[in-house]
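The values are calculated or read from the model by the stated rules, or taken from the named source; none is laboratory data. Note that the structure is predicted; figures quoted are calculated from it, not measured. Note that we place each Cβ from the backbone using ideal geometry, even for glycine, and neighbour counts take in every protein chain shown. Areas reflect the complete protein model, heavy atoms only, side chains present, ligands, DNA and RNA absent. Shrake-Rupley method; radii C 1.70, N 1.55, O 1.52, S 1.80 Å.
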Amino acid sequence: GKEADSRPPPYAAVVAAGVWMHLRPGMEKAQRLLDNGDAPAALEMFLRLADAGDVAAAAKVGATRFRGQGTPVDPGGALPYLATAAASGDAPSRVYLATIYHDGLLGKVDYAKALTYLAPMEKSNNADALGLLGRMYYDGNGVPQDYAHALELLEKAAPQGDPKVLATLGMMHHRGIG
């Protein structure tokens, strides 16, 4: 017979083994609350789980605070939770962090910091990351302006239908750029 896979779940590295099993049902319950429109209760549960070391819950707290789901929009409050999740490889958290710095949501634009989160995702199929990175290359924000590279990234992101990506592509084609 086949041996059972003894590798731990991906987030177990940051959660004590004895706590891991207790956290997963809580994540499922919190997600059900969120899906059923009770964002404040879901956020409260995600916060408890994140503070206990659950990286997936940290990603949820960061995302809900970033979007203002069950709480006022709070990029600063989202930051530590997003950073925790991004450090473990969570792609949406990396995009949220890049957006916070790219758009100056903490009061100051920091393209270099945005790039630290986006550059490792350039070979991914994450349309949000590719779209933002493509717009950075189009505008020359934090990177040398490179229309050909911008076009390549934006065309890869376009099928997801992001209005900013589509508008930038439309402008590039209209102007004969790329």
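Here are a few things to note about the model shown:
- Probe 1.4 Å, accessible area per residue of segment 130-178, Å²: 52 Å²
- Note, ³J(HN,Hα) from phi for segment 76-84, Karplus 6.51, -1.76, 1.60, rounded to Hz, x at Gly and Pro: x, x, 6, 3, x, 6, 5, 4, 4
- Protein accessible area in the chain, 1.4 Å probe - carbon and sulfur %: 54 percent
- Take each peptide in 149-162, 27-40, count the other Cβ atoms within 10 Å of every residue, and average; sorted highest first, the result is 149-162, 27-40.
- Nearest 10 degrees, 0 to 90: helix 55-67 Cα axis against the chain principal axis: 50 degrees
- Potential lengthening of the chain between Asp51 and Arg32 amounts to 4.9 nm, from the contour at 0.36 nm per residue minus the alpha-carbon distance.
- For segment 64-116, the per residue solvent-accessible surface stands at 45 Å², with DNA, RNA and ligands left out and a 1.4 Å probe.
- Segment Gln160-Glu44, extension gain: residue separation times 0.36 nm, minus the distance between their alpha carbons: 38.6 nm
- Ala87 versus His173: modelled label distance in nm, points set 7 Å from Cα along the beta carbon direction: 4.3 nm
- Shown are Met171, Met45, whose ranking by accessible area with a 1.4 Å probe and every protein chain present, most to least, is Met171, Met45.
- Kirkwood estimate for segment 38-96, i.e. one over the average of 1/r between Cα atoms, Å: 10.7 Å
- Legend: calculated FRET efficiency, Asp74 to Asn125, from the Cβ-Cβ distance at R0 = 30 Å, rounded to 0.05, equals 0.55.
- Debye, to nearest 20: dipole size of segment 77-178, +1 on Lys, Arg Cβ, -1 on Asp, Glu Cβ: 80 debye
- Considering helices alone, the calculated mean residue ellipticity of the chain at 222 nm is -20500 deg cm²/dmol, with DSSP H runs of length four and up weighted by -39500 (n - 2.57) and normalised per residue.
- Computed as a quarter of the hull surface, the mean projected area of the alpha carbon convex hull for the chain stands at 12.9 nm².
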